[in-house]
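So the structure is just underneath, and the comments pick up after that.
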Amino acid sequence: MEKEKWLFNISPKNNTFNLNLKEVWQYRDLLFLFVKRDVITLYKQTILGPLWYLIQPLFTSVIFTLVFNNVAGIKTGGIPPFLFNLAGITTWNYFKECLVATSDTFKKNEQIFGKVYFPRIIMPMSIIISNLLKFAIQLFILICFYLYYVFFTNSGIRPSEFLFLFPVLIVFMGMLGLGLGMIISSMVIKYRDLTFLVSFGIQLLMYISLVVIPLSLFQKKGVEWLVMYNPMGYIIETARFLLLNEGNISQFGIAYTVIFSVLCLLFGTVIFNKTEKTFIDTI
Amino acid sequence: MMKQQDVILKVENVSKQYRLGVVGTGTISHDLNRFLAKVSGKEDPYLKIGESNDRSTKGTSEYVWALKDINFEVKRGEIIGIIGKNGAGKSTLLKILSKVTGPTRGSIKYNGKIASLLEVGTGFHPEMTGKENIFLNGAILGMTKKEISRKLDEIIDFSGCERYIDTPVKRYSSGMKVRLAFAVAAFLEPDILVVDEVLAVGDAEFQKKAIGKMRDISSQAGRTVLFVSHDMAAIQSLCSRLIVLDKGDVYYDGDVSVGIESYMSSRKTKNNVKLLEDSKLTFNNLFFFKGGKSSNVFKIFESLYIKGSFVYKNNLPDDVKIELFIIDDFGQRITAISSWLSCISFTPKSKNVNFEIKLENGFSIKSGNYSVDILIYDYNKSYFENVLTFELLNDYKYGYLEDIEPRHHGSVYTPNVWKIN
């Protein structure tokens, strides 16, 4: 038998830990073009366009402020409840959008995935990046209100001196959303039940992610365990600490979140890569 | 002996198994069995079973082999045509080649880049302009932005859509979308290009252009093309080698004209009704009648009767519908005679069912050889392939119908009377 040399090989077995990062790098232009596509086509044929991204967090914050702070009487420290809620919701929204959109990757792109090959992971990655744009719009409105409260009221708000770490927080949030989203998207192709779980699970998750109820209240009521192991809770609490200098920041929480996000992303990538090979037969 | 560097693609024992039926609660138990076998180091229990992919008979196993132990080698610069009936495994093979899905067994080894030509407009975003879509589509196919920019003018020029290039693709006709899609792929410069029936859309002029381009790709640049089509004329004019697939097997591999010949005669072998049955019913016979006599040869527009009968084995269903499909030499459905389309369904009174259809004006399709598939369905479907063949002849009072070229004129003849001043 002469020695055969082949550059590529398609076979049923693949190495679980071969993540093909080199290939992803070769397709980097595609990543940017997908992001560009999402940005260009975001507001086509809507009347209010980007305004929708402002209306949603604003209205939610107003309602939350009325219900949780005015009616239920939840205290938000020295921070005006509206700003407290808006900061929480803005941060939460990025995670939510990332998770919901990526968890649908295989189902939504069945058409194109069924016709042509490219590293599938490009798709969820592009979602994480293009969602940054929506996040930026929402962050902008948060900053507007923030400045209003700083200059026109004497609420004495100031950001933490660690504000520059905020982007790092977003990175971990993106990693968490991407990781979880890829895990769910890989499972959802076989068991559609998960779609329902995601859509209401994410709503429930919000309430134990410290978006409206501060950690201090959980601690006071002795139900800290509800939020102890939820990395999103730490992310929201830390975000509020960085932006508003309110709330407490725990070293355990940060370490836990970092480790959790990294593991989640790794696990997600592995399971996603395993699924991409044959999902088209199952979907 | 073939030199190693000449072979650019090698398909070794490639098999693909599909699971039929619905994915439901049973899925978990199969997954568990599979997992247990894997943990205890045994072979996947479901790989041992499975039948060949014969649509017409109701199989006993939930698993079928869409491809079974396919082997072939492709040399650099070859243009290979792949043909076969529907369900022969062509699409599955292409899917595995283009890495959309993995094989169940076996491997494909290759040197260089494989690119597959997208079907009409897949990967096009309707809201984006033609130019933006060229970039997106090119990138999906594996080009870098730089490469696309360099070839942009050529691509636009080849597509012939220059005027619309800054218009959103949703305003394009389907023909224009194919042109654009093909243009992008044609300038892709892969080592192996996989083309799947895209040329069916687009006018004759563009088809000629596309076929010419494929020939250039292989002869000048030394690239390899795998071309799947039902269009024998295109295959004959383009390909240097032919592979015929049948029920997941390589049925023929070699010279093009010999292959086409044997493929077409294989569809024509059965001349009259044989015993056809599945678990529900036995199909007795199907005859075409003209002037009170059974016949297999008709002229276009000649009125005829179709009579058939079948017997239910056990229970009598209700709401039964019958459909006959007229299939041409290339395996394409040309037309259907359907009780469903005529709003007729019936409940059999006894196990024996006889039916009679009158075609007042006969067939208005091009002359040639046709076969008939029959589908009888209530909640279950009974599908019998190639129940009967017949030949349709020209009637010169309508013109030179034997000159109808399906790629150019379509397959249906429309009666016409001309008056020119």
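Every read-out reported here was derived from the displayed coordinates using simple, explicitly stated rules and does not represent laboratory data. Here the structure is a predicted model, which is why all the values come from computation and not from measurement. Note that we place each Cβ from the backbone using ideal geometry, even for glycine, and neighbour counts take in every protein chain shown.
Percent of Cα-Cα pairs more than 27 Å apart in chain B, please. The share of Cα pairs beyond 27 Å in chain B comes to 62 percent.
Compared with the dominant principal axis of the Cα atoms in chain A, helix A:193-207 is inclined by about 30°. With contributions of -39500 (n - 2.57) from each DSSP H run of at least four residues, the per-residue ellipticity at 222 nm computed over chain A stands at -21000 deg cm²/dmol. Derived from the Cα gyration tensor, the three semi-axes of the equivalent ellipsoid of chain A are 39, 21, 18 Å, largest first. Counting only residues at least eight positions apart within a chain, or on another chain, the lysines with an alpha carbon under 22 Å from that of B:K170 are A:K36, A:K44, A:K108, A:K115, B:K131. The lysines within cross-link reach of A:K221, meaning a Cα-to-Cα straight distance under 18 Å and a gap of 8 or more places when in the same chain, are A:K75. Expressed as a whole number of Å, what is the distance separating the alpha-carbon centroids of the stretch B:236-250 and the stretch A:160-186? The two parts, judged by their Cα centres, are 51 Å apart. Taken along the Cα-to-beta-carbon direction at a fixed 7 Å, the label points for A:A255 and B:H409 span 8.4 nm. Taking Cα centroids, how far is the stretch A:54-124 from the stretch B:122-148 in Å? Result: 30 Å between the Cα centres. In the protein assembly as shown, the alpha-carbon atoms span a convex hull of 245 Å³ per residue. In this simple spin-label approximation, B:T167 and A:Y148 carry label points 7 Å from Cα along the Cα→Cβ vector, and these lie 4.6 nm apart.
Test of understanding: what is the full-extension gain from B:W418 to B:R150, defined as 0.36 nm times their sequence separation minus their Cα-Cα distance?
Details: separation 268, 0.36 × 268 = 96.48 nm, distance 5.12 nm.
91.4 nm is the gain from fully extending B:W418 to B:R150.
Given R0 = 51 Å, the distance between the Cβ atoms of A:W52 and B:E205 translates into a calculated FRET efficiency of 0.65. Excluding same-chain neighbours fewer than eight residues apart, the aspartates and glutamates reachable from B:K95 by a Cα-Cα span under 14 Å are A:E110, A:E276, A:D281, B:E119, B:D196, B:E197. For the listed peptides A:152-163, A:109-120, B:84-95, A:60-71, a ranking on the average number of other beta carbons within 10 Å per residue, highest first, reads B:84-95, A:109-120, A:60-71, A:152-163.
Shielding of peptide B:245-254 by partners, expressed as the average count of other chain Cβ atoms within 10 Å per residue Cβ, is 0.
Hey, with R₀ at 30 Å, roughly what FRET efficiency would A:R192 and A:E23 work out to, going by the Cβ-Cβ distance, to 0.05? The calculated FRET efficiency here is 0.50.
In debye, nearest 20: dipole of the stretch B:276-409 around its Cα centre with unit charges on the Cβ of K, R (+) and D, E (-)?
420
Placing a label point 7 Å from the Cα of B:N71 along the Cα-to-Cβ line, the residues of the stretch B:243-262 whose backbone N sits under 12 Å from it are B:250. Mean partner shielding of peptide A:115-125, defined as the number of other chain Cβ atoms within 10 Å of each residue Cβ, is 4.
What length, rounded to one decimal in nm, is gained on full extension from B:D253 through to B:T335, with 0.36 nm per residue of separation minus their alpha-carbon distance? Full extension from B:D253 to B:T335 adds 26.4 nm.
Computed per residue of chain B from DSSP H runs no shorter than four, each worth -39500 (n - 2.57), the mean residue ellipticity at 222 nm is -7500 deg cm²/dmol. Ordered by the number of other Cβ atoms lying within 10 Å of each residue's own Cβ, fewest first, B:K366, A:K5, A:K274 fall into the sequence A:K5, A:K274, B:K366. The alpha carbon convex hull volume per residue for the stretch B:375-421 rounds to 165 Å³. Within the set B:K113/B:K151; B:K109/B:K146; B:K208/B:K299, which residue pairs have Cα atoms separated by over 24 Å? Where the Cα-Cα span goes over 24 Å, the pairs concerned are B:K109/B:K146; B:K208/B:K299. Relative to the longest principal axis of the C-alpha atoms of chain A, give the angle of the C-alpha long axis of helix A:28-41, reported between 0 and 90° and rounded to the nearest 10°. Relative to chain A, helix A:28-41 is tipped by roughly 50 degrees.
For peptide B:135-142, what's the mean number of Cβ atoms from other chains within 10 Å of each residue's Cβ? Mind dumping the intermediate values first?
Values: counts 6, 6, 2, 3, 10, 10, 4, 8.
For this peptide, the per-residue mean of nearby foreign Cβ atoms is 6.
Compared with the dominant Cα axis of chain A, that is its longest principal axis, helix A:122-152 is turned about 10°.
Compared with the alpha-carbon gap, the fully stretched path from A:N248 to A:S199 is longer by 14.6 nm at 0.36 nm per residue.
For the pair A:L263 and B:S262, what calculated FRET efficiency results from E = 1/(1 + (r/R0)^6), where r is the Cβ-Cβ distance and R0 = 56 Å, to the nearest 0.05?
Details: r = 58 Å, r/R0 = 1.04.
Taking R0 as 56 Å, the efficiency between B:S262 and A:L263 is 0.45.
Could you list the square roots of 5 times each eigenvalue of the Cα gyration tensor of the stretch A:135-232, that is, the equivalent ellipsoid semi-axes, sorted largest first and rounded to whole Å? Walk me through the intermediate numbers first.
On the way: eigenvalues 198, 75, 35 Å².
Values for the stretch A:135-232, descending: 31, 19, 13 Å.
Among A:I74, A:I128, A:I89, which one shows the biggest mean-square fluctuation in a GNM of chain A, springs joining Cα atoms closer than 10 Å? Looking only at A:I74, A:I128, A:I89, the largest GNM fluctuation is found for A:I74.
Diagonalise the Cα gyration tensor of the stretch B:276-409 and give the resulting equivalent ellipsoid semi-axes, square root of 5 times each eigenvalue, largest first, whole Å.
30, 15, 13
Centre-to-centre separation between the Cα atoms of the stretch A:193-249 and those of the stretch B:151-200: 50 Å.
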